[in-house]
Amino acid sequence: MAASSVVIRVDQDGSGDFRTVQEAIDSVPLCNTRRTVIRLSPGIYRQPVYVPKTKNLITLAGLIPEDTFLTWNNTATRIEHHQASRVVGTGTFGCGSTIVEGEDFIAENITFENSSPEGSGQAVAIRVTADRCAFYNCRFLGWQVCPLFLGCKSFAGWIL
């Protein structure tokens, strides 16, 4: 990690800088020019997460993916989000449990999950519409349409 990076800690018990992932993302300055590493303490974070286009260079980092979950239960026909539909979209495009629009996003050691039950319709674990994003040792769970990568520059490699 470069010396100019900023590190933010998230812990649901209140011992970090923030209790929720979204609060940490919201604290990143608009048009950010420094890598911001948001370290997530182990836990199940039941919340929709949104990284807007104006917040680049964000890293979400857990310890191991089996202990750090970002999960929510939106479907294409039922979206509950703290952002308006004009911001995140509607249908399959807007139902991601995690939505990444900020460029140069990195995730490591995290499980991204859509926890809607089987048969409930299209349900996206993560939707990425940004360039230059990387996922290291991450898991994508859900019963349908787990990751949805729509960036202008994408890599169609193996996702484990």
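Read-outs: derived from the displayed coordinates by stated rules, not from any lab. What you are looking at is a predicted structure, and each value in this text was computed from that prediction instead of being measured. Note: ideal-geometry Cβ built from the backbone for every residue, glycine included; neighbour counts use all protein chains shown.
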So if each residue of separation counts as 0.36 nm, and I subtract the Cα-Cα distance between E118 and D67, what length gain in nm does that give? 16.1 nm
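Taking only the Cα atoms of the range 1-43, how large is their convex hull per residue, in Å³?
Residue-normalised Cα hull volume stands at 65 Å³.
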Modelling each spin label as a point 7 Å along the Cα-to-Cβ direction, I'd like the I44/D13 distance in nm, to one decimal. 1.8 nm
